[in-house]
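The values are calculated or read from the model by the stated rules, or taken from the named source; none is laboratory data. A quick note: this is a predicted structure, and the numbers were derived from the prediction, not measured. Here the Cβ positions follow ideal geometry from the backbone for every residue, glycine too, while neighbour counts run over all protein chains shown. Side chains are part of the model used for accessible areas, which takes the heavy atoms of the whole protein and leaves out ligands, DNA and RNA. Shrake-Rupley method; radii C 1.70, N 1.55, O 1.52, S 1.80 Å.
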Amino acid sequence: MTALLELSNISKSFPGVKALEDVHFSTDAGQVHALVGENGAGKSTLIKVISGVYRADSGTIRMNGETVTFESPHDAQAAGIATMYQELSLYPELTVAENIFMGHAPMRKAGPTEVVDWGEMYRRSEEILASLNIHDMDVKRKVGLLNVGNRQRVEIAKALSLDAKVLIMDEPSAALTESDVERLFDIVRLLKERGVAIIYISHRLIEVFQLADKVTVLRDGKFVDSKPVSETDEDDLIRMMVGRTITDLFPKLPSEVGAPVLEVRNLERHPQTENVTFEVRSGEIVGMAGLVGSGRSETAQCIFGILKPDSGEIRVGGKAVTIKSPSQAMKLGIAYIPEDRGTQGLVREMKIRENLSMAVLDSLTRFGVVVKRNEKRLGNELIEQLNIIATSGEQVVNKLSGGNQQKVVVGKWLASKPTMLIVDEPTRGVDVGAKAEIHRLLSELAQQGLGILMISSELPEIIGLSDRILVMRRSRLVAEFQREEATQENVGAAMMSDAIAGNGGNGGATAPEGEAA
């Protein structure tokens, strides 16, 4: 059978960098084809070649067996290729319908001229959305007022309005809630049934096995292998992606657990947190699991002084404290690595050394002016300690890979020499090799005596790294598991069950203080 889209011997170079070398890729109509690889593997360059943003230096692209050449994204769209980038290309001040038909609005005659046929645009927009089982979206609503999940659905509808035969989806689930991810998967399966070929890029390997029919692996700009998903597994994909076998993505180093560095008692901030009680000891990684919206991040933000709790007690080093601001939390030895590193953890237009010094500028100044020599020395020490891959501390942060950006956030807070570290989704959006490095770093920090509260939506990460696991659901802590008794099944059940885990044989979970056991 002739492939709907086939790429042969694709190479692409930029000054000093060979981004793609002799890469092969093909996909059939009605197939979900996952494209995986570490950051820098060439995935983004390849999809930009497919979508007409870049023209390959050599190689051939065929659609239905016929050789095609794309001089621009418009050429690729005309051939039936639509691309959804991680940063959605929508106009927030325009309506849903206007975004769906941007550049190809239906027109009607009005005397000697043509004008936009608004009625037809609204009708066709509603029709396209209905075909995706989306019946709750007002096509006259401004896109900027929609949540991320609905904006993404508009992007998919836009692709269908162009009669896309191939839809490229770049990290589509990265910023979505669990419910939005499920709706996304439903739409992908619906498009597959209609014969659309989906090229699906994701760092989350679990999604490959949930959605994809076939998977292609790139490494260092080169084709490694293509396989039916049924003929591979996670260990095999990791081996192909990183060029080595990672038998332990979660290197848990032994550490000596000491006295509590953080104690939280009956913390409440309505409606996000209710009666939350737990402690974190030195040398201990405490994982906090729960669905998005369960109150995990809000609990962390109350501890760090971003949000003000309604009631409850926080003790640091055994002493009761009132934390009214992040600067006060920092003085108490608490550091917080937020979920969204791009907008909350970094200033990406600034240099690495400038980001690394941001939390400790007072210690690097003289007469109110930053001493660049001191700042540079601190930056170089942290770059070496954390193995940040960069040309130097003068490199701008937004030129780094996601994993290295995350290391810069970690380094910024390590510079403040904390005793307690809160990390919210520490490996979101980073590749599997960078994940292993960040996991190793967290384990090493615990071994050095740091107390760590780790919030994560990835159960393997929570179970693999934590000494104890707390589970939040509907604003409350509902279960606690010791490391040796935690499984994906019983932790997952506690996250989603309406009954408090700890009842009826859940593998030894205990209800936290303040909950009925």
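So for the chain: antiparallel DSSP bridges make up what percent, rounded to the nearest 5? Just about 60 percent of them are antiparallel.
Between the beta carbons of Thr67 and Met102, assuming R0 = 30 Å, the FRET efficiency works out to 0.50 to the nearest 0.05. For a distance above 13 Å, tell me the whole-number percent of Cα pairs in region 360-401 that qualify. Cα-Cα pairs of region 360-401 separated by over 13 Å account for 57 percent. If both residues of a DSSP beta bridge must be in region 394-480, then about 45% of such bridges are antiparallel. Our coupling estimate for region 224-239, obtained by passing each phi through the Karplus curve with A = 6.51, B = -1.76, C = 1.60 and θ = phi - 60°, is 9, 5, 10, 9, x, 4, 5, 9, 9, 8, 4, 4, 5, 5, 4, 4 Hz, Gly and Pro reported as x. The charge dipole of region 56-152, taken about its Cα centre with unit charges on the Cβ of Lys, Arg, Asp and Glu (plus for the first two, minus for the last two), comes to roughly 280 debye. For region 250-280, the residues whose backbone nitrogen is under 19 Å from a point 7 Å from the Cα of Leu307, taken along Cα to Cβ, are 263-280. Along the Cα-to-Cβ line of Met1, 7 Å from the Cα, sits a label point; which residues in region 176-198 have backbone N less than 18 Å from it? So the set is 189-198. Normalise the Debye intensity by I(0) for region 377-429, one equal point scatterer per Cα, no solvent, then take log10 at q = 0.18, 0.26, 0.31 Å⁻¹ and round to two decimals. Ignoring solvent entirely, the Cα scatterers give -0.59, -1.11, -1.35. Under the rule of at least 5 residues apart or a separate chain, name every residue whose amide H is placed under 5 Å from the amide H of Met107. Here the answer is Asp117, since their amide H atoms fall under 5 Å of that of Met107. Rolling a 1.4 Å probe across the protein heavy atoms gives region 40-119 an accessible surface of 53 Å² per residue.
Projected onto planes of every orientation and averaged, the convex hull of the alpha-carbon atoms in region 123-170 covers 3.6 nm². Go ahead and collect, in residue order, the members of region 397-425 whose backbone nitrogen is under 11 Å from a label point 7 Å along the Cα-Cβ direction of Val321. The answer is 418-421, whose backbone nitrogens lie closer than 11 Å to the label point.
Measure off, as a whole percent, the carbon and sulfur share of the 1.4 Å-probe accessible area of region 204-245, all protein chains present.
Working: 830 of 2070 Å².
That share works out to 40 percent.
Here r is the Cβ-Cβ distance between Ser58 and Glu193 and R0 is 45 Å; the resulting FRET efficiency, rounded to 0.05, is 0.80.
When the Cα convex hull of region 55-184 is projected onto planes of every orientation, the mean area is 10.1 nm². For the chain, the longest principal axis of the alpha carbon atoms and the long axis of helix 372-386 meet at an angle near 80°.
Need the full-extension length gain, Val148 to Lys331, defined as separation in residues times 0.36 nm minus the C-alpha distance. One decimal, nm.
Working: separation 183, 0.36 × 183 = 65.88 nm, distance 3.55 nm.
Going from the current span to full extension adds 62.3 nm.
Relative to the dominant Cα principal axis of the chain, helix 432-447 is inclined by about 10°.
For region 178-190, the Karplus equation 6.51 cos²θ - 1.76 cosθ + 1.60, evaluated at θ = phi - 60°, returns couplings of 4, 5, 5, 4, 4, 5, 4, 4, 4, 5, 4, 5, 5 Hz by residue, with Gly and Pro reported as x. Remark on Ile168: its backbone amide H falls under 5 Å from those of Ala82, Thr83, Met84, Ile199, a criterion applied only to residues 5 or more positions apart or on other chains, H modelled at 1.01 Å from N.
Counting every pair of alpha carbons in region 289-374, the share spaced more than 18 Å apart comes to 56 percent.
Grab the beta carbon distance between Leu253 and Thr177, set R0 = 22 Å, and tell me the FRET efficiency rounded to 0.05.
Numbers: r = 33 Å, r/R0 = 1.50.
Working from the Cβ atoms, E equals 0.10.
Approximating the spin labels as points 7 Å out from Cα along Cα→Cβ, the Trp118-to-Glu349 distance works out to 3.6 nm.
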